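Here's the structure we're looking at; comments come further down.
Laboratory data are not the source of any read-out in this text; all were calculated from the coordinates shown. Here the structure is a predicted model, which is why all the values come from computation and not from measurement. Cβ coordinates were reconstructed from backbone atoms using ideal geometry, including for glycine residues, and neighbour counts include every protein chain displayed.
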Amino acid sequence: MIQDFSCPSCGNKFSLPVDKISQQGSRGKCNGCSKSLMVFQDGRAVVAEPDKPQQTRSQQLEEDLPIWQVRLKEMQVTLKTPFRLSDIRNMILEGKLTLEDEAAIQGAGWLPLKAYHAMDPFWAEKALKEREEYGDLDHCVNHNAAASKWRCPKCLKFFCEQCAVNKPFIEGGEPHYVCQTCDMDLIPLKRKGFGLGSIIGSLKGKK
């Protein structure tokens, strides 16, 4: 049996054997306007959307598509929602993910987050954010150029000699340093070798 068709785009008439057309419809091109068409056994012909080219993984990453799966290693829990790279960045900055947690691009195997170079800037951003909020071994929270000597166990901030408040138990007694915000006893920091700030300072001194 032959079925007649008419192109909805240009009106070109054509005929096809019905037994050559799939029950779900078959794709073809109009000889008149070269539009991609879907034709059906009942004589319908509609303009079909062209197939989108397959994207490479690098293109998917650039467009930040939701192609990532995330697994919390310590809890052995896989988060169900597919994530964008920007979502993972936010979770890293919020402290919800660690370097040892794992991720996989859809269709690939699991790797620790620290193995993905695309995420390196997120960890650096997190470190800078935490330094601004708490300080670190080489940077007092209030005086960035000064190395820290104590840390508060409550607010977790790092303090240099200028920031610690000395409250001796008795007047004129041994120094007793507390946090200026929490009034908690500060914990002295033990340095293992030289910190980055100390190394930079020693190099400057040699000039």
Take the residues of the range 62-80 that are of a type in the set (K, R) and surrounded by 14 or more Cβ atoms within 10 Å (Cβ to Cβ): which is nearest to E100 (Cα to Cα)?
K73
Among the residues of the range 144-174 satisfying the criterion of being in a strand (DSSP E or B) and surrounded by 14 or more Cβ atoms within 10 Å (Cβ to Cβ), which is nearest to the chain's Cα centre (by Cα)?
F158
What is the one condition in (1) assigned to a loop (DSSP other than H, G, I, E, B); (2) out of contact with any Phe, Trp or Tyr (no Cβ under 9 Å at 6 or more places or on another chain) that M119 does not satisfy?
(1)
